[in-house]
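Report on one structure; see the data block that follows.
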Amino acid sequence: MSKLPDASRKLSGEFELIARLSAGIRLSRRTILGPGDDCAIVSRPRGQTLFTIDSMVENVHFDLRWGSAQALGARALTVNLSDIAAMGGRPTACVVNLAVREGIATRTLERIYAGLRDAAREASTDIVGGNITRARELSITIAMLGEVGRAAMRRDTARPGDEIFVTGTLGDAALGWRILARKLKPRGNAKKDRAARKYLVGRFLRPQARLYPGQRLAALRPAPAAIDVSDGFMQDLGHILERSGVGAEIDASRIPVSPAYRALMGDNLVHALTGGEDYELIFCARPGLRESELSRRLRVGVRRIGTIVRGRRVNLIGDSAPNIAGWDQLRSRG
Ligand SMILES: [Mg+2]
């Protein structure tokens, strides 16, 4: 065995590690064979199969000093769950790749995995396989399977006349990130400010995927066009408009923001319109749905914020429509 190249010997340690990280995973009956073989075996899903992948990379999407490794693991899973939610699906199984750099303690990896396990259990999703590789940066990549009934929600089905809705509030995660990155200066009332900051940081570090609302929406006929807010409201709405070949009129005064957002930003909506990682849903439905009825059925606040129109433009109306010129710089985090 001494003739084996160094890399191969290192790998055996990684096999042990992945076995240890996978040890606490509980699997549903859908999974026929979980971690430990060349492939997992999962039962054939019902309806149509959804399949998605996402990565979170150190110094791009997270900084280990910002929060617990456990929250980071949960957030990595949420990013994928949110894509399943945006299609109206139920997540069923996922595989995880951890790329690990020098200097990362095994304890940190165990905590990341603990967060992944908890979030997966909460979403009734099986972690059916894992892999560990050496790399220059720490990153977590997850590929996820889901199932959806007859009609998934897509980006390419918005039609002129559709009403545009959004769940929850926008811009919280962007402000949370700015607080952690020390890009937002404290204002006036220190005590009130502290509570608002705590809330916003929590929205960034521990986002929730809108799985239940997505599933309820997908049951509407016709199923709405939908997307999750990962890159920012304007950009993500833009994906629906582009894929559907339509434009939109957005009433800026109806953009939903949290009391914490308002405490820090007042009427400035720039982060609500352009900030990413809220993992709320934007959906476009045939007219006639009422906000209050939707909120009740989806079990989350729903706000009607505009209308799909002919053409390709986004027209932002309302008193609080911000200056559009600064958006591109604000959008990039570099
Ligand atoms: Mg998405």
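A helix-only calculation puts the chain at -11000 deg cm²/dmol for mean residue ellipticity at 222 nm, using -39500 (n - 2.57) for each DSSP H run of at least four residues, averaged over all residues.
Computed about its Cα centre, the charge dipole of the chain is approximately 720 debye, with only Lys, Arg, Asp and Glu carrying charge at their Cβ.
Alpha carbon centre of the stretch 195-256 versus the stretch 102-160: separation in Å? The two parts, judged by their Cα centres, are 20 Å apart. Compute the helix-to-body angle for 190-205: its Cα long axis versus the longest principal axis of the chain, expressed 0 to 90° and rounded to tens. Helix 190-205 sits at roughly 60 degrees to that axis. Note on Ala190 and Glu102: their simple-model spin labels are 4.3 nm apart, each label 7 Å out from Cα toward Cβ. Sorted ascending by nearby beta carbons within 10 Å, beginning with the fewest, Ser68, Ser124 become Ser124, Ser68. For the pair Ala19 and Ser43, the difference between a 0.36 nm per residue extended length and the Cα-Cα distance amounts to 6.4 nm. In terms of its alpha-carbon gyration tensor, the chain comes out oblate; a/c meets the 1.5 threshold, while b/c is at least as large as a/b. Can you find, among Gly88, Val100, Gly24, the residue farthest towards the positive end of the dipole of the stretch 13-108? Put +1 on the C-beta of Lys and Arg, -1 on that of Asp and Glu. With unit charges placed on the Cβ atoms, the residue in question is Gly88. For the chain, the longest principal axis of the C-alpha atoms and the axis of helix 106-122 are separated by about 50°. Sequence-ordered 3J(HN,Hα) estimates for the stretch 222-232 from the Karplus curve with 6.51, -1.76 and 1.60 and θ = phi - 60° stand at x, 5, x, 6, 8, 7, 9, 8, 10, 9, x Hz, glycine and proline given as x. Going by neighbour counts of Cβ atoms within 10 Å, the residues Asp193, Asp267 line up, fewest first, as Asp267, Asp193.
Exposure proxy shown here: for Trp177, Trp66, the number of other Cβ atoms within 10 Å sets the order, fewest to most, as Trp66, Trp177.
Sequentially through the stretch 253-263, phi angles give Karplus couplings (6.51, -1.76, 1.60; θ = phi - 60°) of 5, 9, 4, x, 10, 7, x, 5, 4, 5, 4 Hz, Gly and Pro residues having no value and appearing as x.
Close amide-amide hydrogen proximity is noted between Gly88 and Met153, each under 5 Å apart and 5 or more residues distant or on a separate chain (H modeled in the peptide plane; Pro and chain starts excluded).
Readers should treat all values here as calculations from the given coordinates under stated rules, not as data from a laboratory. Remember, predicted model here, so these are calculated numbers, not experimental data. Neighbour counts run over all protein chains shown; Cβ positions are idealised from the backbone, glycine included.
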